[in-house]
Every structure is written in C-alpha cells, then in structure tokens.
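The block underneath contains the structure these notes are about, expressed in structure tokens.
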Amino acid sequence: MAKKIRIIDTTLRDGSHAIRHTYSPEQAGKIAAALAKAGAPTIECGHGDGISGSSCQYGFMKYDEYEVLQAVLDNAGDAKVGILLLPGIGTVEDLKRAHEMGAGLVRVATHVTEADVGEQHIKMARELGMEAIGFLMMSHMEPPEKILEQAKKFESYGASAVYMADSAGAMVPDDAAARVSYLKEHLSLPVGFHAHNNLGLAIGNSLAAVNAGADYIDGTLRGLGAGAGNAPHEVLTAVFHKLGIETGEDLYAIMDAAEDNIPELGVQMIIDKYALSIGYAGVYSSFFLHAKRAADRYGLDARDILIELGRLRTVGGQEDMILDVAYRLAQQKKEK
Ligand SMILES: CC[C@H](O)CC(=O)C(=O)O
Ligand SMILES: [Mn+2]
C-alpha cells in the first residue's frame, strides 16, 4: 500500500510572519478556498506567533484575528482548520473561543525542553473534542533522547501527535532523520516535522523525515514563512507524488493555489545573508525582522546580532534579548 502523508498547510499562520501579519479576511479566505479546492486536509491560520500573538512584542495583526479565522472557516470546505497556541501568549480562553467558532485542531507550541507548559492547553483541547498536537520548537537544540522525553509528556497530556519544528532552519537531513526515527521507534503517536529553509534544506529535511517514518509534514504555499520560509507546499506535493507517497491532494490545484495567491502578497522567500545566518547560528526564525530593526537602530551588522543570539542559546519568547544584545554589541564597538 502506498505511504500516506498528511501535509498541514501553514501559509496562513507561519506565512503570516513573512508579510508582517497583514492578511485581510478576504485574502485569507481566498487562500483557504484554493487549498480546500486542492484537497489540502488541514489549514492552520492566525498570527505567526499563534493565537493572541497580535501585540507590541510580536507585531500587531492588521485585521482582527477572529475575523481572519472566520473567513478561513467560511472558505475551508472539508479541510480541518487549526490554530497554533503558544502557552503564555495564547490562553485556554482563546482556545475555547477558536473552538466555538469551528477550529478543530490546536498545535500547542513550546520550546523543545518545555512541553509541561502546554499541559493545560492540550488537556482542554481534548476536553473540547479538538485534535491536539504537541509542537516542539527549536528541536535542533536537543538530542533525540531529550525530545522523546518531552514528546512523552505531550502524550501523557492526551496529545494525538507530536511535531518537531526546525524553527531556525538549522538542521541537515541527518539531524531530521535521527530525531524522527528515534521518536518513531519509542513513541506510538504519529510524528510530524516542520521545516524552515534557512540552509536551503526544507524539502530535503522533510523528505529525510518522511523516509525516517514521519507521518505529518508542514508546508506553505511558495514557502511563505519566518526566516527563509518553510517547505513550499506545492513542491512537497510534487516530490511526494513523484515518489509514490500519497497526500490526498490534487497536484495541479496546489500549484495553482500558490501561483494564483502568493505573488500578489508582494513577497518572495529568499535565503539572504541574514536568513542564512539564522540557520547557520541556529537561532529562532522569527528573530529575523527584530534583529534587522535592532541592527539599523544601532548601526550594526544584523549577522553579528544573530550569531551572538545563537551563542547565547536564546529561544522563542526571549525577543527582548535582541535589543539587549544589539545594545551591548554597539557599546563594544564604540569602545574599540
Ligand atoms: C513563534 C511561533 C513559531 O513561529 C512556531 C513555528 O512555526 C516554529 O517554531 O517554527
Ligand atoms: Mn515555523
């Protein structure tokens, strides 16, 4: 029997980082409709940093997040609509509201060593009858054994699957394969992989993950996403179909969804020197825009800020460190 992979499309969530959270309800609805037409099984939407991410710290959304969610729900057809929730940013109240509106899935995202902060959100989602997936961010920072320990915590809270996110796009295919195969060997839940393209390896890493046994893979149309973006959904579909791996999608319709919707957003994902530095340093993809702004403010090279943030092993939620690091580097530069 042909292997089947579930592609979770996150154009309307991770992709939102790339356009600074400016999706209008109309744009989001149109993209959701195109994905649904192509048979995409799952559509994640919302602020790039998850529900309630719209804030001074993470960047305000241009439109009300619940109006955007409603537009996606109205146009998603048979696709399941999901949200991402970062405990501390999103709350159980946000989760309940999204569920009442019709969201059927939540991915609870925590740093790779902190699954326990997601306990109440996973449990609440299960109580509400939602699909709940544990999503371990920055998984390049820890070895497979540590990731398994965290995945088991998610399992004990009732998660139906566990994802590893290469948030910084810092992995190479062997890293992805080693982590996925270890989890597949020791965990009975489906395993997912979420790639970023900072080292140009999002498709290669996703394929390595699938070959190692991954069940779910993330994609975004034209690779729209934080840093250098994610694995382009239409490319994943083409590669998987070519290899006889089923996704349940219509390849041409996914290609059309990308072609007909993304160019008009006015951004194209490229691996510029900063995005590449993020992958090289292994720092958080969404630090990208913040580091650029801090570099402009203090007259620095953003690469130096990113490399220093990597050396300090900073993680998501520590965005305030970016200005601290920039300030310190600027002082050091003055003293020289
Ligand atoms: C801050 C949330 C983040 O963008 C989640 C994610 O997609 C990742 O860690 O890659
Ligand atoms: Mn991501």
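Miscellaneous remarks
- Glu249 vs. criteria more than 20 Å from the chain's Cα centre (by Cα), buried (at least 17 other Cβ atoms within 10 Å of the Cβ) and among the acidic types (Asp, Glu): yes
- Failed criterion for Leu236 (all others in (1) more than 22 Å from the chain's Cα centre (by Cα); (2) within 16 Å of ligand 2 (Cβ to nearest atom) hold): (1)
- Leading residue by the ranking (farthest from the chain's Cα centre (by Cα)) among those in the stretch 265-276 that are part of a helix (DSSP H, G or I), touching a residue at least 60 places away in the same chain (Cβ under 8 Å) and away from ligand 1 (no atom under 16 Å from the Cβ): Leu265
Residues are listed down the side, and each one gets a yes or a no for (1) assigned by TED's automatic domain parsing to the domain that holds Ala36; (2) buried (at least 19 other Cβ atoms within 10 Å of the Cβ); (3) under 19 Å from Leu86 (Cβ atoms):
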position	(1), (2), (3)
Asn261	yes, yes, no
Tyr274	no, yes, no
Tyr280	no, no, no
Ala291	no, yes, no
Glu308	no, yes, no
Leu323	no, no, no
Gln331	no, no, no
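Every residue, every condition in (1) more than 17 Å from Lys80 (Cα to Cα); (2) open to solvent by less than 10 Å² (accessible area, probe 1.4 Å); (3) in contact with a helix residue (DSSP H, G or I) (Cβ under 6 Å, 6 or more places away or on another chain), yes or no:
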{"residue": "Ala2", "(1), (2), (3)": "yes, no, no"}
{"residue": "Arg6", "(1), (2), (3)": "no, no, no"}
{"residue": "Asp9", "(1), (2), (3)": "no, yes, yes"}
{"residue": "Ser16", "(1), (2), (3)": "yes, yes, no"}
{"residue": "Ile19", "(1), (2), (3)": "yes, no, yes"}
{"residue": "Glu26", "(1), (2), (3)": "yes, no, no"}
{"residue": "Gly29", "(1), (2), (3)": "no, yes, yes"}
{"residue": "Ala34", "(1), (2), (3)": "no, no, yes"}
{"residue": "Gly48", "(1), (2), (3)": "yes, yes, yes"}
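- When every residue of the stretch 166-189 is checked against the conditions, none turns out to be among the aromatic types (Phe, Trp, Tyr) and buried (at least 23 other Cβ atoms within 10 Å of the Cβ).
- The set of residues in the stretch 220-235 being within 19 Å of Asp250 (Cβ to Cβ) and either within 12 Å of ligand 1 (Cβ to nearest atom) or of a type in the set (Phe, Trp, Tyr) (or both) consists of Thr220, Ala231.
- In the stretch 25-67, the residues that are acidic (Asp, Glu) and within 20 Å of Glu319 (Cα to Cα): Asp49
- Answer from Gly192, Gly219, Gly225 - the residue that is within 16 Å of ligand 2 (Cβ to nearest atom), in the same structural domain as Gln150 (by TED's automatic domain parsing) and in a loop (DSSP other than H, G, I, E, B): Gly225
The values are calculated or read from the model by the stated rules, or taken from the named source; none is laboratory data. Predicted model, so just to flag it, every value in this text is computed and none were measured. As a convention, Cβ positions derive from the backbone with ideal geometry for all residues, glycine included, and neighbour counts pool all protein chains shown. What goes into the accessible areas is simple: the full protein's heavy atoms, side chains included, and nothing from ligands, DNA or RNA. Shrake-Rupley method; radii C 1.70, N 1.55, O 1.52, S 1.80 Å.
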